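Nothing in this text is a laboratory measurement; each read-out follows from the coordinates by a stated rule. Quick caveat, the model's predicted, so the values are computed rather than measured. Here Cβ is always computed from backbone atoms with ideal geometry, including for glycine, and neighbour counts include all displayed protein chains.
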Number of protein chains: 4
Amino acid sequence: MTETRSKTHHFDAQVYYEDTDHSGVVYHANYLKFFERAREEIIGVDTLAAMWHDRQVGFAVYKLSMNYNDGAVFGDRLDIRTTWEKESDYRVIFFHEAWRPAGTRAAVSCRLELVCLGPDKKLLPIPDLAFLS
Amino acid sequence: MTETRSKTHHFDAQVYYEDTDHSGVVYHANYLKFFERAREEIIGVDTLAAMWHDRQVGFAVYKLSMNYNDGAVFGDRLDIRTTWEKESDYRVIFFHEAWRPAGTRAAVSCRLELVCLGPDKKLLPIPDLAFLS
Amino acid sequence: MTETRSKTHHFDAQVYYEDTDHSGVVYHANYLKFFERAREEIIGVDTLAAMWHDRQVGFAVYKLSMNYNDGAVFGDRLDIRTTWEKESDYRVIFFHEAWRPAGTRAAVSCRLELVCLGPDKKLLPIPDLAFLS
Amino acid sequence: MTETRSKTHHFDAQVYYEDTDHSGVVYHANYLKFFERAREEIIGVDTLAAMWHDRQVGFAVYKLSMNYNDGAVFGDRLDIRTTWEKESDYRVIFFHEAWRPAGTRAAVSCRLELVCLGPDKKLLPIPDLAFLS
């Protein structure tokens, strides 16, 4: 792992009924679901499942900030663009963006810090996983 | 516990943005959340938490059916009306209804069977809890 | 459209953190989200979006029943198997199943009736769409 | 409306099954639901519903940041503490905190900027509502 940012990872998130609210756009909290799905694909769902089942170790969100520039609507197929970097032994930073079809800038962007917790919520060093190499 | 049905329990569920979808009404799956909140209040949240933390025992939905007659909208304060009965040593049946303000019949109704599961998903007899007495 | 049941449609649903609850399995209401995603792919998201935006016409769930035989866990990649048939001019029936990896029967199964509603929630005949031909 | 911060508003949020994930704590995105419920009670659900139905005007989240210090668990009754201030003609800032029972600091805190949007997502001045007086 170098100090440099990862390449951009792309993840498709189709906007279904469940994602929208009565105002006609995606409910603001639901972008965090799209972003987490992308992170789970990046880290590896099997890797995460094995960490959890074998050692009760998992990642947890420690801090995040989001900006909303446009609202995605039902039927949009969003391009979730993610880069990340290991900031320290105990912190990985993810930069997520949700792009609408034909968008000229990100509809929603997010910076999110992840930590690693063991049993009893004990802070652990970030494990040496493939997505960080 | 007799064979007779319980009295009707009332639980208020305010319809917030999170509950609706872009068609303007409550998303169909979300009535199950309202109904489960009512069940948890009936059984007792502290009771459920203690069962789970002490013995890894919990209730699980085994079967359900629902009818949708009307769609609740943002701003509705729903009256969730619930009755229940113990059907056998291993089964409790809940009958839920969601009533809109000024409704003349239930907007949504649900019949739902609950079982009790222990560690490793082993079927257990329904415990002798206060809501069944 | 004949009276016969459709062929089986397959849709993958990855179980993410958002789908599970503290008991370790998928929250019971969330299977309805997986099943709706499958229906939207079957009917066509673009078709649904156009119906809604052009004429405020959409499908609504009228009735459903579900059986839970096993609980899917974080990391499962579910195979959502769906068949459907037009029951009458005003009703389409969907039969959904969620299969866990290596499952020998459906973890969850669902029978669901869909109707078509226009502005002011007026019941409309099921439109003559490609998925019914 | 003065420049000063509002008094603290309290809102109870019971943690139900639906709010948790398989790691045993509240899913990180769901605190935004608790916070929005509190905002809707502060602004007034009826006020929001009338604005929307009469004039297609609503509030939208423009920006937010969150810090997670502790994870709430099933059975917790959270005290959602909120203060707010009108920052400019076009912006209201909310400061939310989720307190666990017997907590000595906020489990989760959030700063969130709200704007007001009319039809076609046009930015409007913040209306002169009771919660700002």
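Overview of results
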quantity: Burial ordering of D:9, C:22, fewest other beta-carbon atoms within 10 Å first; calculated: D:9, C:22
quantity: B:32, B:132 arranged by Cβ crowding within 10 Å, fewest neighbours leading; calculated: B:132, B:32
quantity: Amide H within-cut-off set for residue D:16, under 5 Å, with H built and near neighbours excluded; calculated: none
quantity: In Hz, Karplus ³J(HN,Hα) per residue of the range A:49-62 (6.51, -1.76, 1.60; θ = phi - 60°; x = Gly, Pro); calculated: 5, 5, 4, 6, 6, 7, 9, 6, 10, x, 8, 9, 6, 9
quantity: Shielding by partners - mean other protein chain Cβ count within 10 Å, residues of C:111-120; calculated: 1
quantity: Label 7 Å beyond Cα on the Cβ vector: residue A:132 copy-to-copy distances, nm; calculated: 4.6, 4.8, 5.5
quantity: For the protein assembly as shown, Kirkwood radius (reciprocal of mean inverse C-alpha pair distance, Å); calculated: 24.3
quantity: For the range C:69-76, 3J(HN,Hα) per residue [Karplus equation, 6.51 cos²θ - 1.76 cosθ + 1.60, θ = phi - 60°, Hz, x = Gly/Pro]; calculated: 10, 7, x, 6, 10, 3, x, 4
quantity: Inter-copy spacing of residue B:103 label points, which lie 7 Å from Cα along Cα→Cβ, given in nm from shortest upward; calculated: 3.0, 3.3, 3.6
quantity: Tilt relative to chain B, helix B:30-43 - C-alpha long axis, 0 to 90 degrees, to 10; calculated: 40
quantity: Dipole magnitude (debye, nearest 20) for the range B:9-132, charges at Cβ of Lys, Arg, Asp, Glu; calculated: 260
quantity: Whole-Å distance, taken between Cα centres, linking the range D:71-133 and the range C:82-107; calculated: 42
quantity: Shortest-first nm distances, residue C:85 label point to equivalent points in other copies (7 Å, Cα→Cβ); calculated: 3.4, 6.0, 6.6
quantity: Ellipticity estimate at 222 nm from DSSP helix runs (n ≥ 4, -39,500 (n - 2.57)) divided over chain C, nearest 500; calculated: -6000 deg cm²/dmol
quantity: Per-residue ³J(HN,Hα) for the range D:16-26, Karplus 6.51 cos²θ - 1.76 cosθ + 1.60, θ = phi - 60°, Hz, x for Gly and Pro; calculated: 9, 3, 4, 8, 9, 10, 5, 7, x, 10, 5
quantity: Dipole of chain B, positive end: most advanced residue of B:45, B:14, B:57 [Cβ charges, Cα centre]; calculated: B:57
quantity: All-pairs alpha carbon distance profile, the range A:9-132, 10 Å steps from 0, percent; calculated: 13, 42, 29, 15, 1
quantity: Dipole moment magnitude, nearest 20 debye, the protein assembly as shown about Cα centre, only Lys, Arg, Asp, Glu C-beta charged; calculated: 0
quantity: Amide H within-cut-off set for residue C:69, under 5 Å, with H built and near neighbours excluded; calculated: C:108, C:109
